[in-house]
Amino acid sequence: MRMTQLLAKQVSAELRKIADKKTAETLSWFFKTGKGEYGEGDKFLGVKVPQSRTIAKKYSALSLTEIEKLAKSKFHEERFTATVILVNQFKKSRKAEERKKIFDFYLKLINSGAVNNWDLIDVSAPYLGEYLLDSKEPIMFLEKLAKSKNLWNQRAAIMFTWAFIREHDLQPTFTITQLHLKHPHDLIHKACGWMLREAGKRDLSALRLFLTAHSAIMPRTMLRYSIEKLSETERKKWLSQSTR
């Protein structure tokens, strides 16, 4: 099918065909949709991630206009599928202007509230972050994003750095993590700890230097995530230095 023939409503219809009520209940609990929780009010159809990915692949040529329609859905799985389609398009694109268009559109989705949960960020930012590898002053951009009042911009800022880690450039991860050392939310603590752990896989000495400077004041969850791959003896050493 050509791009003009693919519509958001077709994707929605396919997702609804495989929706499962019990799965929806489980997902609503898992993604903390209760009052006062980070996912408050989110709605679920009851579609599992592999199923959503299969449908996203089928509709990989969906236009940005239709992706936006899908991304504005009140149902989490429709927003997830829209995000995966966008990532798939980015991965296939080889033209700088096309990648910029997709990247800017992605930021628009975050700021409009369409990409609004940790799984939506984590399935996309590590890959779309490749756009920043060739951009001017990426650290400045990431710092600005990290200082946003939007929680999902903040998580995207640290998750974008995975693209740099893959290129063995660990400084963006360390810089953004430092900005988040006093962040109040564990969703940021977990993301930073995760990226520190990945950085440590590339350069353990660099991770140890970072821990030496900051382990005492790092949120406990962030610290635990960052040292998961170290020996038990070394993990105990770093944890013993924590004051949080």
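The values are calculated or read from the model by the stated rules, or taken from the named source; none is laboratory data. No experiment lies behind these values; they were computed from the predicted model shown. Backbone-built Cβ (ideal geometry, glycine too); neighbour counts: all protein chains shown.
Hey, THR243 hits all of (1) hydroxyl-bearing (Ser, Thr, Tyr); (2) loosely packed, with under 14 Cβ neighbours inside 10 Å; (3) outside any loop (DSSP other than H, G, I, E, B) but one; which does it fall short on?
Among (1) hydroxyl-bearing (Ser, Thr, Tyr); (2) loosely packed, with under 14 Cβ neighbours inside 10 Å; (3) outside any loop (DSSP other than H, G, I, E, B), the lone unmet condition for THR243 is (3).
Collect the residues in the range 33-68 that are of a type in the set (A, V, I, L, M, F, W, C) and part of a loop (DSSP other than H, G, I, E, B), keeping them in residue-number order.
Within the range 33-68, the subset of a type in the set (A, V, I, L, M, F, W, C) is 44-45, 47, 49, 55-56, 61-62, 64, 67.
Listed by number, the residues that qualify are PHE44, LEU45, VAL47, ALA61, LEU62.
Tell me which residues, restricted to the range 106-143, are β-branched (Val, Ile, Thr) and without any contact (Cβ under 8 Å) to a residue 24 or more places away in the chain.
Scanning the range 106-143 gives no hits.
So, of the residues in the range 152-196 that are charged (D, E, K, R) and part of a helix (DSSP H, G or I), which turns out to be nearest to ALA213 (Cα to Cα)?
Looking at the filtered set, the residue picked out is LYS190.
Return the only residue of LEU187, LEU204 being modelled with pLDDT of 95 or more and within 18 Å of the chain's Cα centre (by Cα). So that I can check it myself, show each step before the final result.
On the way: LEU204 fails: within 18 Å of the chain's Cα centre (by Cα).
Only one candidate passes the filter, namely LEU187.
Yes/no matrix, rows are residues, columns are (1) within 15 Å of the chain's Cα centre (by Cα); (2) farther than 20 Å from MET222 by Cβ; (3) among the hydroxyl-bearing types (Ser, Thr, Tyr); (4) not assigned by TED's automatic domain parsing to the domain that holds THR33:
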residue	(1), (2), (3), (4)
THR83	yes, yes, yes, no
LEU86	yes, yes, no, no
LEU107	yes, yes, no, no
LYS144	no, yes, no, yes
ALA157	yes, no, no, yes
THR175	no, no, yes, yes
LEU181	no, no, no, yes
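Could you check the range 91-146 for helices (runs of 4 or more DSSP H) lying wholly inside it with 1 or more residues that are exposed (fewer than 13 other Cβ atoms within 10 Å of the Cβ)?
Hits in the range 91-146: 96-112, 138-146.
Report, by residue number, each residue of the range 113-124 that is small (Gly, Ala, Ser) and in contact with a helix residue (DSSP H, G or I) (Cβ under 8 Å, 6 or more places away or on another chain).
Residues satisfying the conditions are ALA114, SER124.
Scan the range 227-240 and tell me whether some residue there is in contact with a Ser or Thr (Cβ under 9 Å, 6 or more places away or on another chain), surrounded by fewer than 19 Cβ atoms within 10 Å (Cβ to Cβ) and part of a loop (DSSP other than H, G, I, E, B).
There is no residue in the range 227-240 that is in contact with a Ser or Thr (Cβ under 9 Å, 6 or more places away or on another chain), surrounded by fewer than 19 Cβ atoms within 10 Å (Cβ to Cβ) and part of a loop (DSSP other than H, G, I, E, B).
Just to verify a result, which residue in the range 69-81, among those that are touching a residue at least 60 places away in the same chain (Cβ under 8 Å) and part of a helix (DSSP H, G or I), is surrounded by the fewest Cβ atoms within 10 Å (Cβ to Cβ)?
LYS69
Which pairs do you get when a residue that is closer than 16 Å to LEU179 by Cβ, found in the range 212-227, comes within reach of a residue that is of a type in the set (Asp, Glu) and not in a loop (DSSP other than H, G, I, E, B), reach meaning Cβ atoms under 8 angstrom, with the pair 6+ apart or on two chains?
Hits for this filter: PRO219/ASP186.
With respect to ALA24, is the statement that it is farther than 24 Å from LEU128 by Cα and exposed (fewer than 14 other Cβ atoms within 10 Å of the Cβ) true?
So ALA24 does not fit the description; no.
Every residue in the range 100-157 that is in contact with a Ser or Thr (Cβ under 7 Å, 6 or more places away or on another chain), farther than 22 Å from GLY193 by Cα and not hydrophobic (A, V, I, L, M, F, W, C), please.
Result: TYR106, single match.
Only one of LYS149, LYS201, LYS190 is of a type in the set (D, E, K, R) and closer than 14 Å to LEU223 by Cα. Can you tell me which?
LYS190
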